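Enquirer: Questions regarding the structure given below will be posed in turn.
Rule-based calculations on the coordinates, nothing more; no lab input. Quick caveat, the model's predicted, so the values are computed rather than measured. All Cβ positions, even for glycine, are placed from backbone atoms using ideal geometry, and neighbour counts span all protein chains on display.
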Amino acid sequence: MNPRCAACDLRYERGPGYFLGSIYINYGLTALLVTIGFYALYFGRVTSPQAALWIVTAFAVVFPIWFFRYARSLWLGFDQYWDPAPEEDATEDEPDEDSESPANW
Ligand SMILES: [Zn+2]
């Protein structure tokens, strides 16, 4: 993953556990699609119940892996919409001059 957005310079990595929320998005959508898919296959009499179970199980393994990056993107957009990152100046990455580091004593 790129550290910053090439277009607007938004920092992606905010801290440890920042993208934990994307797991909820990924899991929730997977569970929803598996539930809908199973009942559609089962009640639509498309396949046998046993085959429908194998199909949705395979889907539940493959889909979250494919959807991982999109879930992170959705989480970042959700967070940016509700709690926008503060504007950063160019000196953000440099040490603070007022810090209590020994170099400033
Ligand atoms: Zn951007």
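Enquirer: Sort the following peptides by mean Cβ neighbour count (other Cβ atoms within 10 Å, averaged over residues), highest first: 1-12, 35-46. Don't jump to the answer; show the numbers that get you there.
Expert: Details: 1-12: 9.4, 35-46: 12.7.
So the peptides 1-12, 35-46, ranked by packing, come out 35-46, 1-12.
Enquirer: Name the residues of segment 56-71 whose amide N is less than 19 Å from a point 7 angstrom out from the Cα of TYR39 along the C-beta direction?
Expert: The answer is 56-57, 59-60, whose backbone nitrogens lie closer than 19 Å to the label point.
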